[in-house]
Amino acid sequence: MFFWMSPGSQAQRTDTLLWLKEVVVRNPEQTANPIGLHVQRIDTGFLQADEGNGFTELMQKVAGANVRAYGLGGLATISLRGTGPSHTAVLWNGINIQGVAAGQMDLNLLSNGFADDVAIQYGGSSVTFGSGAIGGTLSVNNSKPSTEGLEFSTVLRGGSFGSLYQSYEAIAGFNKVKLAAKYFRNKADNDFTFRNTALHNAPKEVWEHAGTSGEGILIQQYYDIKTDHKLSLRWWYQDNYQEVPTPFTIITVGDDVQKDRLHRILLNYNYQRNGTDIDFKTAWLFNRLNYEGSVTETNAWINEAEATIWLAERLYLNTGLNYTHETGNSNFYGTDIRRRNRLTTYAHLKRNWSHGIVSNLSVRQEMLDGKLVPFIPSLSVNATLNKKMFLRGSTSRVYRIPTFNDLYWRGSGAEGNPDLAAESGWGEEIGWNYMDGSGNVTWELDLSLYGNQIQNWILWTETDGIWSPENVKTVWSRGMAWSGDLQVFANEWIVGIGGNYQYTLSTNKSLAAAINSRERNKQLPYVPYHQGKINVSVRHKNFRIIYIHAVTGKQFTNGDNSEAFALPRYDVGYIKFITHMDIHYFRGALFVDLNNILGEEYNARRGYPMPGFYFNIGINLNFNNTET
């Protein structure tokens with residue numbers, strides 16, 4: 001865990017080797033540890049050293065989560081706490097950017113080069129982030145540069161299967177004004193060799209029609225109107241092209257192509273004075289998906305006003321109002337533009353009690369097109385037992401509203417259901433944390449026990465040859481998560497050992513009559529019982545080597561847990577070499593990544609192979625004549 005830190009470990013010495021772009025994190029509520037839940041923050045140095053490898057690979061290396069990838073460069077999603085991809089909210093600077101159409105985020109539509117801070121919050125947080133935050137949240141944040149003057153940087157990376165990545169960034173700081181612009185471009189053929197286990201004797205074949213390419217730009221402007229008045233504007237544009245591969249279980253290779261285009265614009269105003277914090281955000285999210293000429297366009301206009309007021313010495317109130325207008329237009333939604341309006345109010349009452357106890361009582365109420373969705377209460381507590389040991393606990397109602405595809409889809413053998421109810425349920429978590437940072441040895445242990453019971457789970461089922469979504473089952477996910485970190489400092493050496501482990505049971509507790517009764521009490525598809533990672537890092541002066549070993553247990557691929565179609569356990573090893581240099585105004589770093597060094601042959605999704613050994617090499621160059 002030395003390169004993925006829990007918030008408690010941030011006070012300790014960190015093992016970051018790379019020079020870091022100077023930033024200021026202004027919104028601590030987006031990245032600090034919330035009361036009652038566990039947060040994993042990705043070390044900034046590792047994040048910068050992994051730029052160009054993509055968000056999918058980043059999550060596969062560090063997250064205590066299940067990453068579901070349709071091959072290298074294919075559709076990839078993240079799932080937390082035994083839930084589905086649509087139950088993990090993805091946030092950009094506090095704005096939920098989950099797709100309006102499908103309700104989940106393809107990790108290929110994120111860029112780790114556009115992130116200054118990445119955090120994963122485990123456990124339900126619908127009371128804070130609304131619909132879809134059932135298993136947890138993935139937060140991608142940008143931070144204000146502290147640059148005074150000019151700064152330029154570039155990242156160049158290339159490797160196996162025709163992969164190329166390049167990015168260019170310019171930052172300018174002039175007293176009250178900060179400007180930053182970054183552009184990236186990437187491509188990959190993904191034409192690796194694999195064994196086709198669907199055929200007799202599992203012959204070697206080349207994975208075909210799996211190429212990807214993309215480009216994007218992020219422009220940020222920050223203006224300090226006064227010391228207590230701050231304004232920021234961000235624009236994120238991205239364009240992706242993807243050849244959609246055919247599962248190797250099908251003999252004929254298809255030629256389908258998917259094109260994604262998105263705009264994300266966020267205007268943020270903040271006022272802070274005398275214990276009062278007022279924050280206003282307005283955002284526009286546009287997504288255009290073109291799959292073989294069938295186009296789906298969605299828009300979301302999000303407005304949120306929030307105030308934090310200190311009521312007494314140990315008591316403060318955080319309250320806000322959110323209005324979101326969403327539209328969808330698709331060949332498969334009929335001739336009408338689909339619309340909906342969401343109005344939400346929420347409040348958090350935080351109390352610092354004596355003897356190291358902090359509590360947070362929260363409520364949230366959303367109105368969807370004039371109808372109330374489930375009322376969301378939450379109670380969470382942190383308790384400091386001594387200087388090294390902490391306890392936490394949380395209970396909260398959670399929910400997810402149906403997506404536009406769930407409600408309005410028509411065609412290709414499928415039909416949406418406008419009468420769907422929102423999924424809802426309860427999530428509970430208790431946790432224990434121990435830290436000791438004395439001397440030349442620092443270590444930390446964290447243990448969580450959790451459970452979620454979700455009613456009205458939406459599932460697409462087939463009736464008379466037509467697929468349609470229904471509220472068909474109740475799902476109970478529960479388990480335990482463990483993480484640990486040990487660092488030893490000796491002269492110019494730093495040695496770290498860390499890891500995490502998750503044991504998850506996620507089963508169907510009740511089923512509608514249309515569902516196969518053999519699925520009752522069975523594990524959900526693509527939810528492994530066991531999953532974990534271990535990592536070792538050695539740093540000496542300007543050189544660092546990291547080894548990561550990721551283990552994913554057996555996964556069933558159908559509802560009745562047939563062993564014949566299960567994916568076996570797989571182990572994947574990664575090695576990263578990093579070295580850096582600093583010559584007057586010029587700074588830089590060289591990265592070498594060796595992936596799947598054991599040559600493991602495996603599928604993350606049935607019929608979609610992952611590559612054996614592959615590598616890439618990258619360099620980061622920076623010119624800086626600034627004062628920071």
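The values are calculated or read from the model by the stated rules, or taken from the named source; none is laboratory data. Keep in mind that what you see is a predicted model, and the values were worked out from it rather than measured. Positions of Cβ are backbone-derived with ideal geometry, glycine not excepted, and every protein chain shown enters the neighbour counts. Side chains are part of the model used for accessible areas, which takes the heavy atoms of the whole protein and leaves out ligands, DNA and RNA. Shrake-Rupley method; radii C 1.70, N 1.55, O 1.52, S 1.80 Å.
List of remarks:
- All Cα pairs of the stretch 176-322, percent lying beyond 25 Å: 55 percent
- Of (i) 52, 37, 20; (ii) 34, 31, 27; (iii) 49, 38, 30, the label for semi-axes √(5λ) of the Cα gyration tensor in Å derived from the coordinates: (ii)
- Long pairs among Lys388/Lys541; Lys178/Lys281; Lys541/Lys576, criterion Cα-Cα beyond 23 Å: Lys388/Lys541
- Each peptide in 528-540, 348-360 was scored by the mean count of other Cβ atoms within 10 Å over its residues; highest first, the order is 528-540, 348-360.
- Split the chain at each of the GluC sites (Glu not before Pro) in a DSSP loop with at most 16 other beta carbon atoms within 10 Å, and the longest piece is 1-207.
- Placing a label point 7 Å from the Cα of Asp228 along the Cα-to-Cβ direction, the residues of the stretch 296-318 whose backbone N falls under 16 Å from that point are 307-311.
- Surface share of carbon and sulfur [accessible, 1.4 angstrom probe, percent] for the stretch 226-282: 56 percent
- For the stretch 88-168, with all protein chains in place and a probe radius of 1.4 Å, 61% of the accessible heavy-atom surface sits on carbon or sulfur.
- Accessible-area composition of the stretch 543-628, carbon plus sulfur, in percent [1.4 Å probe]: 61 percent
- For Ala421 and Leu321, a Förster radius of 35 Å and the Cβ-Cβ distance give a FRET efficiency of 0.90, rounded to the nearest 0.05.
- Across all Cα atoms of the stretch 238-290, the radius of gyration (one decimal) and Dmax (whole number) stand at 21.2, 68 Å.
- Entries of Lys61/Lys187; Lys182/Lys230; Lys204/Lys259 with Cα pairs more than 25 Å apart: Lys204/Lys259
- Residue-normalised accessible area of the chain, expressed per residue, 1.4 Å probe, Å²: 42 Å²
- Available extension along the chain between Val441 and Ser146 is 103.0 nm, counting 0.36 nm per residue and deducting the alpha carbon span.
- Centroid-to-centroid separation of the stretch 165-196 and the stretch 428-493 [C-alpha atoms, Å]: 31 Å
- Cross-link partners of Lys473 among lysines (Cα-Cα below 20 Å; sequence separation of 8 or more within a chain): Lys509, Lys522
- With coordinates expressed along the principal axes, the C-alpha atoms belonging to the stretch 82-221 extend over 68, 40, 24 Å, beginning with the largest.
- Summed residue charge, Cβ within 12 Å of Ala312's Cβ, Lys/Arg positive, Asp/Glu negative: +2
- Neighbour net charge for Asn190 - beta-carbon separation under 11 angstrom, K R +1, D E -1: -3
- Förster-model FRET efficiency, 51 Å R0, Leu179 and Glu205, C-beta, rounded to 0.05: 0.55
- Label point at Phe613 placed 7 Å out along Cα→Cβ; residues across the stretch 139-166 whose backbone nitrogen lies under 15 Å: 160-161
- Residues Arg314, Arg397, sorted by accessible area with the largest first, give Arg314, Arg397 [1.4 Å probe; ligands and nucleic acids excluded].
- Tyr503 contributes an accessible area of around 70 Å² to the protein surface, as traced by a 1.4 Å probe with all chains present.
- Given a 1.4 Å probe and the protein chains as shown, Ile515 ends up with an accessible area of around 20 Å².
- Each Lys or Arg adds one and each Asp or Glu subtracts one; over the other residues with Cβ under 9 Å from the Cβ of Gln221, this totals +2.
- Arg339 contributes about 130 Å² of solvent-accessible surface, heavy atoms of the protein only, 1.4 Å probe.
- With 0.36 nm allotted per residue and the present C-alpha distance subtracted, the Phe489-Lys388 stretch has 34.4 nm of extension available.
- Difference of contour (0.36 nm per residue) and Cα-Cα distance, Asn331 to Asp582: 84.9 nm
- Computed on protein heavy atoms with a 1.4 Å probe, the accessible areas place Trp92, Trp284, Trp493 in the order Trp493, Trp284, Trp92, largest first.
- Leu447, Leu266, Leu420, ranked by accessible area, largest first (probe 1.4 Å): Leu447, Leu420, Leu266
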